[in-house]
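Report on the following structure.
The values are calculated or read from the model by the stated rules, or taken from the named source; none is laboratory data. Here the structure is a predicted model, which is why all the values come from computation and not from measurement. Note: ideal-geometry Cβ built from the backbone for every residue, glycine included; neighbour counts use all protein chains shown.
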Amino acid sequence: MEIIEYNEEEETLSIRYNTKLIWRYSNINKETYDRVLFFNGDSDKIVKKVLRKKLTVGTNKEVKS
């Protein structure tokens, strides 16, 4: 997992998982972002669980080659 970008003003977070897809999550406040950073070294499942607890929606932003 790689954190691509966090925009505190817009409360958006972009993450690339094991695939080449980048997912953009909305409604990510600073507290949630800090939790994602804390679990960043752990499995993707833990990070996804943190994001789902906030009822965020992930969308495919783009495909990188």
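The set of residues in the stretch 22-63 being in contact with an Asp or Glu (Cβ under 8 Å, 6 or more places away or on another chain) and either modelled with pLDDT under 80 or surrounded by 17 or more Cβ atoms within 10 Å (Cβ to Cβ) (or both) consists of Ile22, Ile28, Tyr33.
Just to check your reading of the model, which residue among Glu10, Glu5 is part of a strand (DSSP E or B) and free of Cβ contacts under 8 Å to residues at least 24 places away in the same chain? Working first, answer last.
Numbers: Glu10 fails: part of a strand (DSSP E or B).
Being part of a strand (DSSP E or B) and free of Cβ contacts under 8 Å to residues at least 24 places away in the same chain holds for just one of Glu10, Glu5, which is Glu5.
Taking the residues in the stretch 4-23 that are among the hydroxyl-bearing types (Ser, Thr, Tyr) and within 11 Å of the chain's Cα centre (by Cα) as candidates, determine which candidate is nearest to Asn40 (Cα to Cα). Talk me through it step by step, then tell me what you get.
Residues of the stretch 4-23 among the hydroxyl-bearing types (Ser, Thr, Tyr): 6, 12, 14, 17, 19.
Within this subset, residues satisfying the condition of being within 11 Å of the chain's Cα centre (by Cα) are 6, 12, 14, 17.
On the way: Tyr6: 14, Thr12: 17, Ser14: 13, Tyr17: 11 Å.
Top of the filtered list is Tyr17.
Of all the residues in the stretch 15-29, those that are on the phi > 0 side of the Ramachandran plot and of a type in the set (Ser, Thr, Tyr) number 0.
In the set (1) closer than 13 Å to Met1 by Cβ; (2) part of a helix (DSSP H, G or I), Trp23 fails one condition alone, (2).
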